[in-house]
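The values are calculated or read from the model by the stated rules, or taken from the named source; none is laboratory data. Quick caveat, the model's predicted, so the values are computed rather than measured. Cβ placement follows ideal geometry from the backbone for every residue including glycine, while neighbour counts extend to all protein chains displayed. Only protein heavy atoms, including side chains, enter the accessible area calculation; ligands, DNA and RNA are left aside. Shrake-Rupley method; radii C 1.70, N 1.55, O 1.52, S 1.80 Å.
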Amino acid sequence: MNIILLGPPGAGKGTQAKRLVDERGMIQLSTGDMLREARTSGTEMGKKVAAVMDAGNLVTDEIVIGLIEERLEGDNGAGFIFDGFPRTLAQADALGELLAAHGAKLDHVIEMQVDDDALVARITGRFTCADCGEVYHDVTRPLPADGKCVNCGSTEMKRRADDNEESLKTRLMAYYKQTSPLIGYYYAKGNLKSVDGLASMDEVGASIAAILDQG
Ligand code: AP5
């Protein structure tokens, strides 16, 4: 089963994708994570995307479509979770073509509905484990008292360079201008489902599970 988690920055896409990886063995394809990896690798592409990402703008379609194309070869039968991809109509068209070329299809596009005020608090409070990428939040998901990651035990944490109010304004603008038209695009194709992204992490997870269990 192949699904897209669609929503603005901080909607909870990464949090829910990681749950689906753990619970269902699906493969998370996060273009944000791939681009962050690329920028630390020192490659030409990494250097080009770093400034674009830090400012909160979108990286070119050509680059992100290429990243996804490479990863589709690694299908494990449990399906892909597209997290943060597609983000433009051109990317959505390309994904449809790539899946068709692999004899696959999109099963569900899950829109995570949230409001902008909640996003500011979520983004500015977010940090992750530097070793395994487990996602935390200063208020809603702090580290346990021993200060160790619940997943891998590391004490090294990090915050993203674009997780500040200034970049978030640009990221939200990019979402509304370039990505939100995908809601109508997938509605017209008949695979759009919506969940309340403001509910607790467990409740959001249960809503997504209910959609996936319908088949
Ligand atoms: P990307 O990494 O995709 O970032 P994003 O879309 O801005 O989304 P986030 O990762 O910020 O949020 P999320 O929805 O995953 O939320 P999370 O689960 O972490 O993209 C970064 C940049 O890369 C882009 O700006 C662009 O430059 C580039 N890029 C990436 N893909 C691209 C593409 N396809 N095309 C072009 N450019 C691309 O949750 C956030 C916080 O909230 C966490 O602290 C979490 O603990 C907390 N939280 C989560 N759920 C809940 C809940 N239900 N209740 C309370 N707190 C919650």
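In debye, nearest 20, what is the charge dipole magnitude of the chain about its Cα centre with +1 on Lys and Arg Cβ and -1 on Asp and Glu Cβ, if you could check?
200
Once you list every other residue whose beta carbon is under 12 Å from the beta carbon of Q214, what net charge do they have if Lys and Arg are +1 and Asp and Glu are -1?
-1
Give me P(r) over the chain, computed from all C-alpha to C-alpha distances, binned every 10 Å, as integer percentages.
In whole percents, the pair-distance histogram is 8, 34, 40, 17, 1.
Can you put C149, C132 in order of accessible area, largest first, using a 1.4 Å probe? Each step should come with its number before you reach the end.
Values: C149 5, C132 50 Å².
Largest accessible area first, the residues go C132, C149.
In Å², and per residue, what accessible area does the range 1-114 have when probed at 1.4 Å with the other protein chains present? Let's see the in-between values first.
On the way: 4900 Å² over 114 residues.
Value for the range 1-114: 43 Å² per residue.
Kirkwood Rh, Cα Rg: Rg to Rh for the range 90-215?
1.02
How long is the range 164-215 along each principal axis, judged by its Cα atoms, biggest number first, in Å?
Ordered largest first, the range 164-215 gives principal extents of 39, 29, 11 Å.
What does the helix-only formula give at 222 nm for the chain: each DSSP H stretch with n ≥ 4 adding -39500 (n - 2.57), the total divided by the residues, and the result rounded to the nearest 500 deg cm²/dmol?
-14000 deg cm²/dmol, from helical runs alone.
If we sort 47-53, 137-143 on the protection proxy, mean other Cβ atoms within 10 Å, highest first, what's the order?
Going from most to least packed, we get 47-53, 137-143.
Return the distance in nm (one decimal) between the two label points of a simple spin-label model at T43 and Q113, each offset 7 Å from Cα along Cα→Cβ.
3.9
Tally up the carbon and sulfur contribution to the accessible surface of the chain as a whole percent, 1.4 Å probe, everything protein left in place.
The computed percentage sits at 51.
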